[in-house]
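Data first, discussion second: the structure below is written as structure tokens.
The values are calculated or read from the model by the stated rules, or taken from the named source; none is laboratory data. As the structure is a prediction and not an experimental result, all values here were calculated from the model. Neighbour counts run over all protein chains shown; Cβ positions are idealised from the backbone, glycine included.
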Amino acid sequence: MLKKLLLFTLAAVALTAYSLTPQSVLAAPKQGGTLVFARGADSPGLDPAYETDGNSFMVCDNIYDALVGFMPESTALTPSLATSWDISEDGMTYTFHLREGVSFHDGTPFNADAVVFSHGRQMKDKSKAKFFSKQWGWPEQAPAAEYWLSMEMDDIIESIEAKDDYTVVYKLKRPEAPFLANMAMDFADIVSPTAVLKHGADYITNPVGTGPFKFVSWQKNDRITLERNDDYWDGAPYLDKVLFRVIPDNSVRFLELMSGNVHICQYPNPEDVELAKSNGNLEVITQPGMNVGYLSFNHTKELWQDARIRRAIAHAVNKQAIVDNIYYGMGVPAVNTIPPTMWGYNNDITDYEYNPEKARQLLKEADFEGKLKAAGQDRITLWCMPVARPYNPSGMKVGEAIQADLKAVGINVELVTMEWGTYLKKQRSQDPGMDLFQLGWTGDNGDPDNFLAILLDGMADPNVRTQWKNEEYHQLMVDGKRTTDQAKRIEIYKKAQELIHQEAPMINMAHSIVAQPQHKRVQDFKLHPTTSVYLHKVWLK
């Protein structure tokens, strides 16, 4: 027996609620204009299957659609390219019914084969992806689909089959509680098969989707230009164009907003937020971040295998001072890996106190100095993020603070940074010159699995960035995915957080408050918990 999940009513209610907001009552949306969105770094690429960073996904959010979407300001799910779906009673079969009459930006039709192509090309065993009309082959070998792999999609999906032009069936190998939410994430976006096969390796700079905006041009490290898709299935956007401008320096980015050259300034210096609030032409929109900034260890090195050393680092770092002085209070010190607003959060865990004396004691017990010499080192390296992100406003400032804290307990630290794309690539390969590194995470789908498994289960996939391998933790992650009973999942994830606290595989630094200054001409822009940037309904006064 099938459980029919039809969400038309939910979407209609959301639309009605949207139409009754005070903003909409006061002023009708205006057609036209070019929105300039200022950000700190360029996109490495615009193929959603092969990117992992927010600077790529924020552009992809406007070029592509997935089968399932997120509601405004929420991780609640809503129909997108699939109008409805059925889930079998055993949770092993998902049947998606697709929207008809939709075209990609290149004029080719969206259909079930395009869905099979978009997801099947990320699978290791492509024989499990079955077309209906067999009009496409597979592209040449591409880079590993890191998101697909880190989400264990090959271990979850047994087969994908287009039953007809507008029906796609996913058979799973096991029940997977987060599966439907996963299908709303950027890596699950639907691409034009014709464009992928035409451009090959150059598709990352020639993206084609079904979304509200079409790709126009890309001046590397300067700007990406999108234009309105007049034929968008959910109604044409109000804006004529969108420019995603790259302005690496936080202060310069904010000055460009103050001068009126940009409309939205992403990730300003925290101290500039107050200036924006006092400016009559600007406003600041905020929301608690579904995120975590963290400091982690290179677990592939022998030096970091002793949990006492990792706990010593946790005691040595003054997180509260970092939040107060670098985040300017726009955040809270992180106790756990998931944010306190997320279901499954463990309130019973007490964070490691800032205690340099305790840190020195643990380092001595673990003979850190001897282990450092055995590694042929007289200092450690700390890799610092080169760009502002929602979970870390300044990688170098945070790095300098940690450097001083560790020097106070007898550890000499060399700070290392590099271009963002290179940083991500070299960090993923667990470069032997890296000892500690900064990164962070913003949740993709509102599920604890999307933090706890993705960030820490190194036994699941080599693309997990911490590469911490712990059998007990891995089994908890497996159990958490396989039960659909949320109460049981909460208990599993609480145990996982206890294990993280005990073993200290990484140091949870902060959960930030996301604050975005923008010009008052910008109307109906909504911050999203996933930090996705949706511009479909945005307009300019």
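Looking only at region 200-231, count how many residues are without any contact (Cβ under 8 Å) to a residue 24 or more places away in the chain, closer than 14 Å to ARG245 by Cα and basic (Lys, Arg). Number of matching residues: 1. On the stretch given as region 297-334, residues that are under 22 Å from GLY458 (Cβ atoms) and under 20 Å from the mean Cα position of the chain (by Cα) total 1.
Whether any residue in region 96-113 is under 27 Å from the mean Cα position of the chain (by Cα), part of a loop (DSSP other than H, G, I, E, B), more than 16 Å from ALA188 (Cβ to Cβ) and modelled with pLDDT under 95 is what I want to check. Within region 96-113 (the criterion being under 27 Å from the mean Cα position of the chain (by Cα), part of a loop (DSSP other than H, G, I, E, B), more than 16 Å from ALA188 (Cβ to Cβ) and modelled with pLDDT under 95), the answer is no, since none of the residues qualifies.
Considering (1) part of a helix (DSSP H, G or I); (2) under 24 Å from the mean Cα position of the chain (by Cα), the lone condition that GLU271 does not fulfil carries the number (2).
A count restricted to region 502-521 and to residues that are buried (at least 20 other Cβ atoms within 10 Å of the Cβ), out of contact with any Gly (no Cβ under 8 Å at 6 or more places or on another chain) and within 27 Å of LYS30 (Cβ to Cβ) stands at 4. Of all residues in region 115-135, exactly one satisfies the criterion of being more than 14 Å from TYR170 (Cα to Cα), in contact with a Leu (Cβ under 9 Å, 6 or more places away or on another chain) and crowded, with 17+ Cβ neighbours inside 10 Å, namely GLN122.
Which one of ASP249, ASP272 is modelled with pLDDT under 95 and crowded, with 17+ Cβ neighbours inside 10 Å?
ASP272
The requirement of being closer than 18 Å to GLY200 by Cα, outside any helix (DSSP H, G or I) and modelled with pLDDT under 95 is fulfilled somewhere in region 126-135, by at least one residue.
Can you find a residue in region 344-358 that is under 27 Å from PRO270 (Cβ atoms), aromatic (Phe, Trp, Tyr), modelled with pLDDT of 95 or more and not in a loop (DSSP other than H, G, I, E, B)? The answer is no; no qualifying residue exists. For region 461-471, the count of residues that are at pLDDT 95 or above, over 15 Å from THR300 (Cα atoms) and either aliphatic (A, V, I, L, M) or not assigned by TED's automatic domain parsing to the domain that holds PHE179 (or both) is at least one.
Conditions tested, residue by residue: (1) in a loop (DSSP other than H, G, I, E, B); (2) under 24 Å from the mean Cα position of the chain (by Cα); (3) surrounded by 22 or more Cβ atoms within 10 Å (Cβ to Cβ); (4) not hydroxyl-bearing (Ser, Thr, Tyr).
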{"site": "LYS198", "(1), (2), (3), (4)": "no, no, no, yes"}
{"site": "VAL208", "(1), (2), (3), (4)": "yes, yes, yes, yes"}
{"site": "GLY211", "(1), (2), (3), (4)": "yes, yes, yes, yes"}
{"site": "ILE224", "(1), (2), (3), (4)": "no, yes, yes, yes"}
{"site": "TYR232", "(1), (2), (3), (4)": "yes, no, no, no"}
{"site": "PHE244", "(1), (2), (3), (4)": "no, yes, yes, yes"}
{"site": "PHE254", "(1), (2), (3), (4)": "no, yes, yes, yes"}
{"site": "LEU257", "(1), (2), (3), (4)": "no, no, yes, yes"}
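Condition first: over 30 Å from THR417 (Cα atoms) and touching a residue at least 60 places away in the same chain (Cβ under 8 Å). Can you find one or more residues in region 457-477 that meet it? No, region 457-477 has no match at all.
Regarding LEU382, is this residue touching a Lys or Arg at 6+ places or on another chain (Cβ under 6 Å), buried (at least 19 other Cβ atoms within 10 Å of the Cβ) and either at pLDDT 95 or above or in a loop (DSSP other than H, G, I, E, B) (or both)? For LEU382, the condition - touching a Lys or Arg at 6+ places or on another chain (Cβ under 6 Å), buried (at least 19 other Cβ atoms within 10 Å of the Cβ) and either at pLDDT 95 or above or in a loop (DSSP other than H, G, I, E, B) (or both) - is not met.
Considering the conditions (1) over 15 Å from the mean Cα position of the chain (by Cα); (2) of a type in the set (A, V, I, L, M); (3) at pLDDT 95 or above, LEU452 is excluded by exactly one of them, (1). Taking helices (runs of 4 or more DSSP H) as the structural unit, those lying wholly within region 445-522 and holding at least 2 residues that are polar (S, T, N, Q) correspond to 486-503. The single condition among (1) surrounded by fewer than 16 Cβ atoms within 10 Å (Cβ to Cβ); (2) modelled with pLDDT of 95 or more that LYS4 does not satisfy is (2).
Cβ separations smaller than 7 Å between residues 6+ apart or across chains give the following pairs from region 109-132 residues that are within 11 Å of ASP154 (Cβ to Cβ) to residues that are of a type in the set (Asp, Glu) and in a helix (DSSP H, G or I): MET123/ASP154; LYS124/ASP154.
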